[in-house]
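Trainee: Let me begin by handing over the structure; questions about it come next.
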Amino acid sequence: MVSKRNETTKTRETVLEIDLKALQHNYEYLRSKIKPETKFLAVVKAYAYGSDSQAISLHLQNLGVDYFAVAYANEGVHLREAGVTAPILVLHPQKVHFEILIEHSLEPSIYSKSILSDFILTAQELGVKNYPIHLKFNTGLNRLGLSAKELPEISELINKQDAVKVVAILSHLAATEDSDETEFTNLQLKRFEAICKDADATFNTKLLKHVLNTSGIINYPQAQYDMVRSGIGLYGYGNQPDVDTHLIPVATLKTIIAQKHSIPAGESVGYNRKYTSNSEIITATLPLGHADGIGREYGHGKTFVSVHGQLAPIIGNVCMDMIMIDVTNIECSEGDEVIIFGKELPASEFSQTANTISYELITGLSQRIKRLILD
Ligand SMILES: *Cc1c(COP(=O)(O)O)cnc(C)c1O
């Protein structure tokens, strides 16, 4: 559910506003941190971090982004259907999707020998030649990736066929945002450098090398190689306060007050009666809940939303489709707008109240929330 509008329309329901100007600002900021010749890959997995991967990718493609990445093949198909023509890397391809991947010109990140041999087989069956693949090496995240030791075997396998061709080598860093882990990050970068050293000669071509994510761009620009991969920064979050000040949250989650209640002292609010008022209070009920991605961990007074610029706590248990807030000291009416998080109340701060990170909060927003593209 996507529609477009200008910025002045009144909020009438729960919506996720997606500001393409903010996206452009963040892209330009991140670009300014790397050399002009370094390629920029936009990570648009998980619906572009919970926003709208088609609208975001088309806009970024117009701005000149060189590459896109998604986690799974179906996400790449979704981009092709929207008209994305730039190369798309699939970070976690699965065997069952190899044909779909090739049919849509998606480039797999090959992370194991068995994935490589199976992919070569599929490419041969489909009769393609020099199909571009990226080789992903594990340098310490210990999640997905080939080990450096496997390089000779891998290159032998690749150099004796012509269905696929290696175009890039990548790795992923575990802790680029963490200043206590610079030693480990530098070790990962050293391992990556060692893998890259003879790779062009081994594969007989000039390979793209890429290893940095958003916080890598900020904290390890010396390791930008030929391309960087940014996700969270594009959406307006920099994982550190000094970077956040330069970025603008792209998505703002807004809703309205569905109903107000005057609650006498001693009455409870919500399921299992987890909130009881000591004095008479005014509550407002909002039409979104844990089914929309605002989980129960945000209840019980720990987390605040904004009503006319004033903070109101979420009280009691978050319900599936509704939450209740305390608006006793806020002048407001039924139908008024409420900001859950976004430009005014960053997702990084909102998510912290539940001991999690902006990534989890924004990617967890349900598809039933209407997306509104502001351009
Ligand atoms: C998700 C992901 C990224 C993007 O990381 P951000 O911190 O959002 O910039 C980059 N590379 C890989 C392999 C990823 O899985």
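The values are calculated or read from the model by the stated rules, or taken from the named source; none is laboratory data. What you are looking at is a predicted structure, and each value in this text was computed from that prediction instead of being measured. All Cβ positions, glycine included, derive from the backbone under ideal geometry; neighbour counts span all protein chains shown. We work out accessible area using only protein heavy atoms, side chains counted, and drop any ligands, DNA or RNA first. Shrake-Rupley method; radii C 1.70, N 1.55, O 1.52, S 1.80 Å.
Trainee: If each of L311 and V128 carries a label point 7 Å out from its Cα toward its Cβ, how far apart are those two points in nm?
Mentor: It works out to 5.1 nm between the two label points.
Trainee: Along the positive direction of the dipole of the chain (beta-carbon charges: Lys, Arg +1; Asp, Glu -1; about the Cα centre), which of S117, Y359, I169 reaches farthest?
Mentor: Farthest towards the positive pole: S117.
Trainee: Determine the share of segment 20-244's accessible area contributed by carbon and sulfur atoms, expressed in whole percent, with a 1.4 angstrom probe.
Mentor: 50 percent
Trainee: Now a separate question. What is the distance, in nm, between label points placed 7 Å from the Cα along the Cα-to-Cβ direction at Q259 and at T276?
Mentor: 2.3 nm
Trainee: For the chain, what does the helix formula give at 222 nm: sum of -39500 (n - 2.57) over DSSP H segments with n ≥ 4, over the residue count, nearest 500 deg cm²/dmol?
Mentor: Using -39500 (n - 2.57) per qualifying helix, the result is -8000 deg cm²/dmol.
Trainee: When we measure straight from the Cα of K160, which lysines land under 29 angstrom away, once same-chain ones fewer than 8 places off are left out?
Mentor: Once the sequence-local lysines are set aside, what remains near K160 is K95, K113, K129, K136, K149, K197, K206, K209.
Trainee: So, one more: With a 1.4 Å probe and all protein chains left in place, how much accessible area per residue does the chain have, in Å²?
Mentor: On a per-residue basis, the chain sits at 44 Å².
Trainee: Once you have the Cα-Cα distance between H300 and D118, take 0.36 nm times their residue separation minus that, and quote the gain in nm to one decimal.
Mentor: Contour length minus the Cα-Cα distance gives 60.5 nm.
Trainee: Only four residue types carry charge here, +1 at the Cβ of Lys and Arg and -1 at the Cβ of Asp and Glu. Report the dipole size of the chain about the Cα centre in Debye, rounded to the nearest 20.
Mentor: Values: 35 positive and 44 negative charges, 121 e Å.
Charge dipole of the chain: 580 debye, to the nearest 20.
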